Amino acid sequence: MSSKVIPLMDRRQTLAIPALPPQAPVRGAALHDSRGRPLRDLRISVTDRCNFRCVYCMPREAFGKDHAFLPHHALLSFEEITRVARIAADHGVEKIRLTGGEPLLRKNIEVLIGMLAGLRRPDGQPLDLTLTTNGSLLARKAVALKAAGLRRVTVSLDALDDACFRRMNDADHSVADVLAGIEAAQAAGLAPVKINMVVKRGTNDDQILPLARFFRGSGHILRFIEYMDVGSTNGWRMDEVLPSATVIARIHAEMPLVAVPSSHQGEVAQRWRYADGSGEIGVISSVTQAFCGSCTRARLSTEGKLYTCLFASAGHDLRALLRGDASDERLATMLAGIWQGRTDRYSEIRGAAGSTDERIEMSYIGG
Ligand code: SAM
Ligand code: SF4
Ligand code: SF4
């Protein structure tokens, strides 16, 4: 094993409170940012800890035994998370994804799911409540998650070959555990299960076809994600990105594909179906085909900072307001001010003048 130590810069800075609108936003009125994009999705990181050390996300050299994770009192409580989610739902958020770190490591996560499942949008509809997990604890938690009100799960799986998978997660977790989690999720009704494979050229791209063959006809939706330059510890290089177009070409050569039109604004995956009707796959091309123009996502970090972009270098401290005496109206005004002032489009301007190299780690902000 390498003894190289990658210094982890603390980029968790706080942004100043933005200029606030003169009045609190009206419940039910959508918020739009400076580029006309509505606020629709909220991703909530419930822990910065993880039992994996994926080479592209939490490399062991940076997240070793001495790494200082957040203390419990720094995390937003379930009540605080639910309050932010309720106010966000009042102002256009339709979908919530729980993430991390590994969200299933957060104690009593099903209690939080139950609280979020009880929220209603202004039209009376429940939120679309999902969760992204590495799958290692899913087999034992799937039934409880479904019973609490979770609708679907996305499971990350970067290889079908066990040796390759262990090299990717660098924590000795087996493919069999994750496959058992996927089957348990399907059986519990958390379906269709989406499966995310991060493709790193030269590391696991030989697993594209084995995974495609394995999940074809299963009813699960396999999605290939371009390796992204999130954070500053993964040593990202453009030549390790395999463009989604190449992924599609490789699969199409063996199993013919037909493009599927996108079903809604802000859909991050480009969808394809097998020509013989044996299922659907997707590609998420955040590097080669930026989708900032339709990005409707805000992210709430584990300690309550609101980020308007995955590649932001700083967030707005909502926890200070939640733990102060801020009213719901004040929080809604704050949310409106943050979203309306949003200009982010990092993937569109990656590498150009004005783009930043100071990026928050994905395990902290949530994927
Ligand atoms: N631990 C959970 C998991 O792995 O599914 C949830 C958190 S993880 C940060 C969320 C998603 O981000 C996963 O699908 C993961 O593969 C993806 N991800 C992490 N680092 C990435 C990178 N550098 N490029 C592309 N995707 C990445
Ligand atoms: Fe953990 Fe998920 Fe990051 Fe892998 S991608 S290290 S499982 S948070
Ligand atoms: Fe959205 Fe930022 Fe990603 Fe663009 S780079 S799609 S604005 S999260």
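What follows is calculated from the coordinates using simple rules that are stated; it is not laboratory data. Only a predicted model underlies this, so the values are computations on that prediction, with no experimental measurement involved. Methodologically, a virtual Cβ is constructed for each residue, glycine included, from the backbone with ideal geometry; neighbour enumeration extends over all protein chains shown.
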Q | ARG342 long-range amide H proximity, modeled H, under 5 Å | A | SER34
Q | Positive-end residue of GLY135, MET168, GLY149, charge dipole of the stretch 122-177 with Cβ unit charges | A | GLY149
Q) How much length, in nm to one decimal, is gained on full extension between ASP162 and VAL111, taken as 0.36 nm per residue of separation minus their Cα-Cα distance? A) 15.0 nm
Q) On a 0 to 90 degree scale, rounded to 10, what angle separates helix 328-340 from the longest Cα axis of the chain? A) 60
(Q) Within 10 Å of each candidate Cβ there may be at most 15 other Cβ atoms; applying that plus a DSSP loop requirement, which trypsin sites (Lys or Arg not before Pro) in the stretch 209-312 survive? (A) ARG237
Q. Among HIS316, VAL93, GLN125, whose Cα sits farthest toward the positive end of the charge dipole of the chain (+1 at Cβ of Lys/Arg, -1 at Cβ of Asp/Glu, about the Cα centre)?
A. GLN125
Q. Roughly how many debye, to the nearest 20, is the charge dipole of the stretch 47-92 about its Cα centre, given +1 on each Lys and Arg Cβ, -1 on each Asp and Glu Cβ, and no other charges?
A. 180
Q) Considering only DSSP beta bridges with both partners in the stretch 13-365, what is the antiparallel share in %, to the nearest 5? A) 30
Q. Under a point spin-label approximation (7 Å from Cα along Cα-to-Cβ), what is the ILE349-ARG273 distance to one decimal in nm?
A. 4.0
Q | Prolate/oblate/rounded label for the stretch 39-95 (Cα gyration tensor, a/c 1.5) | A | oblate
Q: Enumerate the lysines that LYS200 could reach by cross-link, defined here as Cα to Cα under 22 Å, with residues fewer than 8 away along the same chain left out.
A: LYS4
Q) In percent, what relative contact order does the chain have, based on Cα pairs under 8 Å that are 6 or more apart in sequence? A) 24
**Q.** 0 to 90° range, to nearest 10: angle between helix 175-188 axis and the chain longest Cα axis
**A.** 60
Q) If the cut-off is a Cα-Cα distance under 20 Å, which lysines reach LYS305, setting aside same-chain residues fewer than 8 apart in sequence? A) LYS95
Q.
Using the crude model of +1 on Lys and Arg Cβ and -1 on Asp and Glu Cβ, and no other charge, please compute the dipole size for the stretch 13-365 relative to its Cα centre, in debye to 20.
A. 620
Q. On a 0 to 90 degree scale, rounded to 10, what angle separates helix 244-254 from the longest Cα axis of the chain?
A. 30
Q: Divide by every residue of the chain the summed helix terms, -39500 (n - 2.57) for each DSSP H run of at least 4, and state the resulting mean residue ellipticity at 222 nm, rounded to the nearest 500 deg cm²/dmol.
A: -8000 deg cm²/dmol
**Q.** Sum of side-chain charges, SER77 neighbourhood, beta-carbon under 13 Å (Lys, Arg +1; Asp, Glu -1)
**A.** +2
(Q) Please compute the length gained on full extension between ALA314 and SER34, using 0.36 nm multiplied by the number of residues separating them and subtracting their Cα-Cα distance. (A) 99.0 nm
